[in-house]
Amino acid sequence: MIESSDLRMKRIPLHYGTGQMPALGFGTLIPDPALTVTATRDALEAGFRHFDCAERYGNEREVGRALEAGLASRLIARADIFVTTKLWNSNHRPERVEPAFQASLDRLGVKYLDLYLIHTPFAFQPGDDQDPRDQNGNVIYDHDVTLLDTWRAMESLVDHGKCRAIGLSDVGLNELRPIYESARIKPAVVQVESHPYLPEAELLEFCKEKGVVFLAFAPLGHGIKPGPLEDPVILSIATRVRKTPAQVLLAWAVQRGTALLTTPRTAARARENFDISSLPQDALEEINQIQNRQRLNPVVKSGVPGFIPKAS
Ligand SMILES: NC(=O)c1ccc[n+]([C@@H]2O[C@H](COP(=O)([O-])OP(=O)(O)OC[C@H]3O[C@@H](n4cnc5c(N)ncnc54)[C@H](OP(=O)(O)O)[C@@H]3O)[C@@H](O)[C@H]2O)c1
């Protein structure tokens with residue numbers, strides 16, 4: 001019933017540099033340090049070769065340690081994995097970009113990054129406080145730096161060879177277009193929330209036209225229920241093709257031409273989420289017909305992450 005094409009191995013070429021992004025990515029937004037280590041190890045073991053990190057997740061050291069041990073014990077070369085991390089909002093000032101990048105490299109224990117993203121288009125007050133607030137608890141934004149200023153500093157990282165590609169996260173076309181038009185080094189990737197309740201068709205079309213990789217986070221709707229994992233269309237397709245609802249959602253994401261990030265926390269879930277296969281065309285069309293629309297992560301509105309505990 002299921003077509004036999006191997007979505008698990010799909011790699012998407014980046015439009016410059018030498019990189020190819022494995023379409024199936026493992027996300028490391030896991031607040032618990034011990035769980036970060038085991039989940040990263042289990043993801044590598046299950047077959048994931050793309051790891052998405054961020055300085056804001058506060059666990060780059062644990063991810064780096066798990067990757068180092070995992071690569072050594074499985075004789076996997078650094079070149080065979082794809083590692084991304086992200087510049088946080090409080091480091092948007094151009095003079096803060098290179099030090100923040102280097103600090104991430106050091107914590108991850110890697111010599112280069114495959115991809116460095118501006119985590120959100122919102123600049124916060126520059127400094128070491130990742131969550132700067134005024135007396136009323138409101139975020140303190142930095143209005144003296146533009147996204148293009150930050151982008152120029154990101155371009156220098158590529159020039160200096162420690163970073164293969166750069167991109168943006170939590171942006172819409174309103175932010176992506178002007179950066180794309182002004183950039184000397186075009187964004188290679190945009191990372192945004194996307195699932196059947198938030199297909200972001202217009203953004204995806206722009207990305208396909210320009211050769212920008214569209215990297216979907218929350219492909220399972222952050223696991224929130226009710227949500228895409230419990231959608232009747234997804235459940236019915238899962239029964240029909242003898243896959244789990246998560247596998248149906250992940251296959252749909254890859255087959256529509258996006259890369260994705262998922263966060264299985266156990267070995268069984270890692271195996272399940274890696275073991276996807278192509279859905280038949282009629283199933284893809286049924287999913288495309290889902291009318292429900294819902295954004296689950298409010299980060300695009302304020303730059304404040306929806307799923308990370310406030311930094312203390
Ligand atoms: N750029 C941004 O602003 C941004 C924002 C959010 C996330 N991200 C990135 O995207 C990554 C993906 O995170 P996500 O939350 O979006 O991932 P997701 O895979 O959509 O959701 C993860 C949730 O789904 C559940 N889950 C995982 N596998 C499952 C399965 N097979 N069946 C049922 N439930 C399952 C997990 O449950 P359990 O808790 O039971 O394990 C977890 O709660 C993050 O780790 C991070 O790297 C980026």
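Structure values in brief
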{"read-out": "Strands (runs of 3 or more DSSP E) completely within region 14-82 that count 3 or more residues being within 11 Å of the ligand (Cβ to nearest atom)", "value": "24-27, 50-52"}
{"read-out": "Counted residues, region 260-272 - those being near the ligand (Cβ under 10 Å from one of its atoms) and open to solvent by less than 40 Å² (accessible area, probe 1.4 Å)", "value": "5"}
{"read-out": "Any hit, region 131-147, residues being outside any helix (DSSP H, G or I), under 23 Å from the mean Cα position of the chain (by Cα) and of a type in the set (S, T, N, Q)", "value": "yes"}
{"read-out": "Every pair of residues 6+ apart whose Cβ atoms lie under 7 Å, when the first sits in region 16-40 and is on the phi > 0 side of the Ramachandran plot while the second is open to solvent by less than 10 Å² (accessible area, probe 1.4 Å)", "value": "17/165"}
{"read-out": "Count - residues of region 186-219 that are farther than 26 Å from residue 159 by Cα, surrounded by fewer than 23 Cβ atoms within 10 Å (Cβ to Cβ) and aliphatic (A, V, I, L, M)", "value": "4"}
{"read-out": "Residue in region 97-106 that is within 15 Å of the ligand (Cβ to nearest atom), of a type outside the set (D, E, K, R) and open to solvent by less than 10 Å² (accessible area, probe 1.4 Å) present", "value": "yes"}
{"read-out": "Residue check for residue 257: surrounded by fewer than 21 Cβ atoms within 10 Å (Cβ to Cβ) and either under 19 Å from the mean Cα position of the chain (by Cα) or away from the ligand (no atom under 12 Å from the Cβ) (or both)", "value": "yes"}
{"read-out": "Pairs where the first residue, in region 154-171, is in contact (Cβ under 8 Å) with a residue 24 or more places away in the chain and the second is assigned to a loop (DSSP other than H, G, I, E, B) and of a type in the set (Phe, Trp, Tyr), C-beta under 6 Å, 6+ apart", "value": "162/112"}
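The values are calculated or read from the model by the stated rules, or taken from the named source; none is laboratory data. The structure displayed is predicted, hence computed values, not measured ones. Glycine gets a Cβ as well: all are built from the backbone with ideal geometry, and neighbour counts include every protein chain shown. We work out accessible area using only protein heavy atoms, side chains counted, and drop any ligands, DNA or RNA first. Shrake-Rupley method; radii C 1.70, N 1.55, O 1.52, S 1.80 Å.
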